Structures are given as C-alpha cells and as structure tokens.
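Inspection log for the structure reproduced underneath, given as structure tokens.
The values are calculated or read from the model by the stated rules, or taken from the named source; none is laboratory data. Given the structure is predicted, the values throughout are model-derived calculations rather than measurements. All Cβ positions, glycine included, derive from the backbone under ideal geometry; neighbour counts span all protein chains shown.
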Amino acid sequence: MGMSDWPEDATIQRFSDATSSQGVMVFAEMVDGVLLNVGRELMGPGREMADQLGVSLTAILIHHDVGSAPQDLISLGADKVVVVSDPRLEHFTTLPFTRALSDYLVNVHRPEILLMGATTTGRDLAPRVASRVDAGVTADCTKLSVGPFYHRKTKTVTTHMLEAHRPSFGESKLACIMSNPQQLWAPAMATARPGIFVAPDSDSSRTGEVEEFTPNWSENDFDVEVIDVRRGGGERVELGHCKIIIAGGIPCGQTGFREIHEL
C-alpha cells in the first residue's frame, strides 16, 4: 500500500512512536557454548529490517559462557550484543531464560521487533516472553519484512510495522500477520525455523558494543535444576541444515541398518 492508497484525512502514525519502542533484536540461542546457526541466520533479516527502519540491531545471548559469540554476532551485523551470563544458565530451563529476556525488554530497552529461532527452546521461550511483556508472537515465519497497515474503521495508517509471513491453511497459503492497529503491542515478535534464512557474510572489521545485563533473579526461577545431560550417537548434528537425511526403522532389521551405515 502506497501513500496514494490512503484517504487524505487518514491519521498516520509510526509503529515505534505509537508503542514507545525502537530497534530490532535477535535472540541468539546457544547450546553447550556453541552459537546455533538459526541465530546467525536471523541476523540477515534482522539487519535488513533495522536498516529499513533506520534503527540499531541488537542481539541477546543468555548462557553460562558466551565465549567469542558476541564478536561473532557483531561481525554478522549486530550493533550491540547484550550478554546475560550466569553459571546456572548452562542448560536451558524455562523460567530463568524467560526472566532474563523479559526483564531486559521491560526494564532496559523495548525493541520494535524481536526475532527468535523456532527451535525447541524458541517455541517454549517466545510465547512466555510475549505473555510477560504483553506482546504477540507469529510462529514459523518464512518471510520477514516491514510495511504499513491501513485500518479502514479508524482511518489510521500505522507505518513501519513487522510483516510476518507464515504458511497457513495446511501450508497451502502464505498469510501476512501484523499487529492489531487498535491494540498495538511491542515488540512485534516472530519465530523462524532453522534453515529458512541465509546467514549474512561475516565482516571481522565491524565494531559494536557489548553490554552485560543482570536480571532481577528470583529464587523460584531456578526451582528446576538440570542434574545431568547425556547425549549419544556421536557428534552433534543439526538436522535442520542437512540437505539429505537417511533414516531407518524397525522393519529394516540388522541387515538394513548395515546398508544404511554404509551410505
């Protein structure tokens, strides 16, 4: 929709002004001290939308040891990296991660847009954070952009809004989800499956800010404790980034599995 499509008496407002928010943020997930690829991939649309909006791009890390991940994210396009580090954050549990992210959004900075990976962690974390900050979240997006929305009933045009595109109706259609102009919330949140977007090229010459943040922890946040994690099957592989996956079931029998291993 362009300017010519709006009535002359339409009221025009920018999403960030209407919601007192600014900037784009990416939750960059880490597992076992390793930055997951989906976080790198989301830096692509995150940077593009930040440039279109004329705002900064922030990445947030929540882990016990972030290592070189902050500089990696800066080289991928982040202007700032927020680090929440605590020995108790070695393994994901819902409550402390929800506390860390929502505390930052409420008490420090509320971005216009928040992107997260649609991983096991992201699917758990995103709706909980959205509930705490009174926002909404669109899941499993395949395209992310910004644009205007005209509300005919109120004759209000809200510009620079997140356009979250996702499959619907049995994945036969592509729906565009936007905030309700009569009840705007921020941040506008979206999750994307791993492998949907392409990570931007790394630029080691980029510089940015690294900010440490300590949430207002509650002891109840750590009621759930991970005692031990045991993984089998050798080296960790992200199936979402495999072009070919060979799998077998019980009917294969021992002979069938030997042939699968040979492949």
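Structure values in brief
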{"item": "Sole residue being within 22 Å of His165 (Cα to Cα), in contact with a strand residue (DSSP E or B) (Cβ under 6 Å, 6 or more places away or on another chain) and touching a residue at least 12 places away in the same chain (Cβ under 8 Å), chosen from Leu125, Leu73, Leu61, Leu115", "result": "Leu115"}
{"item": "Segment 186-208: number of residues that are more than 17 Å from Glu48 (Cβ to Cβ), surrounded by fewer than 16 Cβ atoms within 10 Å (Cβ to Cβ) and under 20 Å from the mean Cα position of the chain (by Cα)", "result": "1"}
{"item": "Strands (runs of 3 or more DSSP E) enclosed by segment 123-218 - at least 1 residues per element that are charged (D, E, K, R) and under 20 Å from Leu36 (Cβ atoms)", "result": "136-141"}
{"item": "Single unsatisfied condition, Leu125 versus (1) modelled with pLDDT of 95 or more; (2) surrounded by fewer than 22 Cβ atoms within 10 Å (Cβ to Cβ); (3) of a type in the set (A, V, I, L, M); (4) over 30 Å from Pro7 (Cα atoms)", "result": "(2)"}
{"item": "Extreme residue, surrounded by the most Cβ atoms within 10 Å (Cβ to Cβ), among residues of segment 57-96 that are among the hydroxyl-bearing types (Ser, Thr, Tyr) and in a loop (DSSP other than H, G, I, E, B)", "result": "Thr93"}
{"item": "Scope segment 165-214; condition within 14 Å of Thr142 (Cβ to Cβ), in contact with a strand residue (DSSP E or B) (Cβ under 6 Å, 6 or more places away or on another chain), of a type in the set (Gly, Ala, Ser) and touching a residue at least 24 places away in the same chain (Cβ under 8 Å); matching residues", "result": "Ala190, Ala192"}
